[in-house]
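What follows is calculated from the coordinates using simple rules that are stated; it is not laboratory data. Source: prediction; values computed, not measured. Here Cβ is always computed from backbone atoms with ideal geometry, including for glycine, and neighbour counts include all displayed protein chains.
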Amino acid sequence: MEQKTLYRDVKVYETLPECLLEVKDLYTEKKAITMFGRDREELSVTYGEFVKDVQGAAYMMAQRKMAGKHIGIVGENSYEWIVAFCAAGCIGSVGVPIDVEQPENEIVNLADFADASFVIAQKEFLPAFDGWQNGFAIPMESDFVQMIREGRDAVSVAGIRDFSFGKRVEKETPLAIVYTSGTTSVSKAVVLSHYNMMYDACCCQASVKLEDRMFNPLPLYHTYSLGCGILNILAHGQNICINGNLKTLFRDIKLYSPEIIMAVPLVLENLLKEIHRVQEKLGIREQTEQAVERFRKSVFLKKPVLVNGMKEIMGDSLKTICCGGAHLNEKIAEEYTAYGIDLLQGYGITECSPLISNSIRGQNRINSVGLLLPGIEMKIADGEILVKGPCVFKEYYKNPGITEESFTDGWFHTGDIGYLDRKGFLFICGRKKNLIVFNNGKKVVPEELEAYIHQIPLVKEVMVYGESTGNAPDEVRLSALICVDMSKTDETDNYKILENIQEEITRLNSRLPVYKRIQSVKLSESEFQKTSMQKIQRRKVSL
């Protein structure tokens, strides 16, 4: 179905260079990108300065015969990273953002698989490309910065006002090859066109107008951060503050004092822990906790908890949080809402550039990921979400077989299980690949049970899986592997901790159908391995 709702009138750009040239004129003196240096000094560039830097870099890249090539971008969040990606796109090159939380050999393998002829890399990742046979590596902080400067001068002298010196860019020209996070399978290389990404970026705010100042600490090599957190903000003339180092996350949030924060659930959990720490320090923890509980239980008159310690962590301007990338614990969502924050959840997947749906102000439902973006069609087949629309990719790079398997009559199989309610609100239940199927045909979505178990105070992380009983190849029992939050207990005896958790599981089981009951509980000695977007990598968990 295609969602019928009231959309705002937004300008949709067909290509990235079209967007940049227009916003340069519309918002010339307005801040575009903000960072903070080691000395806590704010470093901001205006739209006029940013687009000139992109033009300069693009000009020099074209001079080096990089136009139309595949260009790997290897590094943590930085201004130069954004300039490199945009400059590549504006001369008809294909940007290949690479996850740097990989071993050196895998970083090179990802660049090679995408047929990168060049990489623009931060200095700490350059050793991976020593002796690289398939292309040429450009140091991001030195050579590439020099390219920006020289290019700006050359463009200015020549009076160039566009990107005509590069390869012509059309709406179907590939803009990026982005690797999926690969939580349950091998990562795939997704080819996204200019129109895929720009349509999605422009429509991010078709149903919800965001405030002007966004803080984005998420890695840019994922489409959620790049599309929703950078291209979206640039297309609407707003100000984005990027954070390149998690060690300075709390410092930068406080210095920037954002109106809106872009996050994944783990970031919100960590921020909440800091807020609780401040509440303890101020002597208001118990008072605030009680007020939040009253807010949760009230049905009609919900009064925001004004004494909460948030401004000590996030400044006094925060109004909105955008959260995606994984399931958000309901209690965490409710606590931020109780503090008067508009928490907007969304649903997306790399293959859809990435956003498919998002929440709408005044129509929030804690467990829903909102309403479909304009132009997106959706249907549910055997519980799986299938989509069509302008933001849906055309192919996996060098993998026509998987591409063909992923589509049925033009409908893309997301691999996610979910449903739409009568008013068109989308609810995500879990991943199809994670389904636990019993020999009697019953099916269990492990994410549903994990959400219940997360409510147990001692549980920090949990993974529910089907464990073989040993009686028959297809006979399994529901098991839960739990990582304990040791900050929530003074107990050091693992057997007693397990007993306490088992008692809670027994109470939970009494409320569940027989086939959904957890039959085995084990404790994990360490936290689970995760992707850079903090999703548990199920296939790498030792059971």
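How big is the stretch 174-314 by Rg and Dmax over its Cα atoms, in Å?
18.4, 55
Quick one: 3J(HN,Hα) in Hz for the stretch 64-75, Karplus 6.51/-1.76/1.60 with θ = phi - 60°, rounded, Gly and Pro as x.
Those phi angles translate into 8, 6, 9, 5, x, 9, 8, 10, x, 10, 10, x Hz.
Between the stretch 298-336 and the stretch 471-543, what is the separation of their alpha carbon centroids in Å?
Cα centroid to Cα centroid, the span is 28 Å.
Using the alpha-carbon atoms, what tilt in degrees (0 to 90, nearest 10) does helix 16-26 show relative to the longest principal axis of the chain?
That works out to roughly 80 degrees.
Rounded, prolate or oblate: which fits the stretch 64-117 when a ≥ b ≥ c are the square roots of the eigenvalues of the alpha-carbon gyration tensor, with rounded for a/c under 1.5 and prolate only if a/b beats b/c?
Values: a/c = 2.88, a/b = 1.32, b/c = 2.19.
Oblate.
Could you pull out which residues in the stretch 237-272 have an amide N less than 14 Å from a spot 7 Å beyond the Cα of Lys11, following the Cα-Cβ vector?
Label zone hits: 237-238.
Need the full-extension length gain, Lys254 to Ala154, defined as separation in residues times 0.36 nm minus the C-alpha distance. One decimal, nm. All intermediate terms of the calculation are to be shown ahead of the outcome.
Values: separation 100, 0.36 × 100 = 36.00 nm, distance 3.88 nm.
Answer, rounded to one decimal: 32.1 nm.
With +1 on each Lys and Arg Cβ and -1 on each Asp and Glu Cβ, and nothing else charged, work out how big the dipole of the chain is about its Cα centre, in Debye to the nearest 20.
Numbers: 64 positive and 72 negative charges, 237 e Å.
The dipole magnitude comes to about 1140 debye.
Given only helices, namely DSSP H runs of n ≥ 4 each adding -39500 (n - 2.57), what is the per-residue ellipticity at 222 nm of the chain, to the nearest 500 deg cm²/dmol? If you can, show how the numbers build up before the last one.
Numbers: 15 runs with 160 residues, N = 543.
Roughly -9000 deg cm²/dmol at 222 nm, from the helical runs in the chain.
Candidates (1) 20, 54, 24, 2; (2) 19, 43, 29, 8, 1, 0; (3) 22, 51, 26, 2; which is the computed P(r) over Cα pairs in 20 Å bins from 0, in percent?
Correct label is (1).
Relative to the longest principal axis of the C-alpha atoms of the chain, give the angle of the C-alpha long axis of helix 79-90, reported between 0 and 90° and rounded to the nearest 10°.
The helix 79-90 is inclined about 70 degrees to the chain.
Defining a contact as two alpha carbons under 8 Å apart and six or more residues distant in sequence, what relative contact order in percent does the stretch 435-540 show? Present the calculation step by step, with values, prior to reporting the outcome.
Working: 140 pairs, mean separation 25.9, N = 106.
That works out to 24 percent.
For the stretch 466-533, just say rounded, prolate or oblate: build the C-alpha gyration tensor, square-root its eigenvalues into a ≥ b ≥ c, call rounded for a/c under 1.5, and beyond that prolate if a/b exceeds b/c, oblate if not.
Details: a/c = 1.94, a/b = 1.35, b/c = 1.44.
Cα axes put the stretch 466-533 in the oblate bin.
Using mean Cβ contacts within 10 Å as the protection proxy, how do 363-375, 491-503 order, highest first?
The most tightly packed comes first, giving 363-375, 491-503.
In the stretch 216-233, whose amide N lies under 19 Å from the spot 7 Å out along Cα-to-Cβ of Trp132? List them in ranges.
Output list for this probe position: 220-222.
Which shape class applies to the stretch 1-80: rounded if a/c is under 1.5, otherwise prolate when a/b exceeds b/c and oblate if not, where a ≥ b ≥ c are the square roots of the Cα gyration tensor eigenvalues?
oblate
How high is the relative contact order of the chain? Use alpha-carbon pairs under 8 Å, at least six apart in sequence, and give a whole percent.
On the way: 1073 pairs, mean separation 68.4, N = 543.
Relative contact order comes out at 13 percent.
Compute the helix-to-body angle for 285-297: its Cα long axis versus the longest principal axis of the chain, expressed 0 to 90° and rounded to tens.
80 degrees
Roughly speaking, what is the centre-to-centre gap between the stretch 181-251 and the stretch 360-418 when only Cα atoms are used, to the nearest Å?
18 Å
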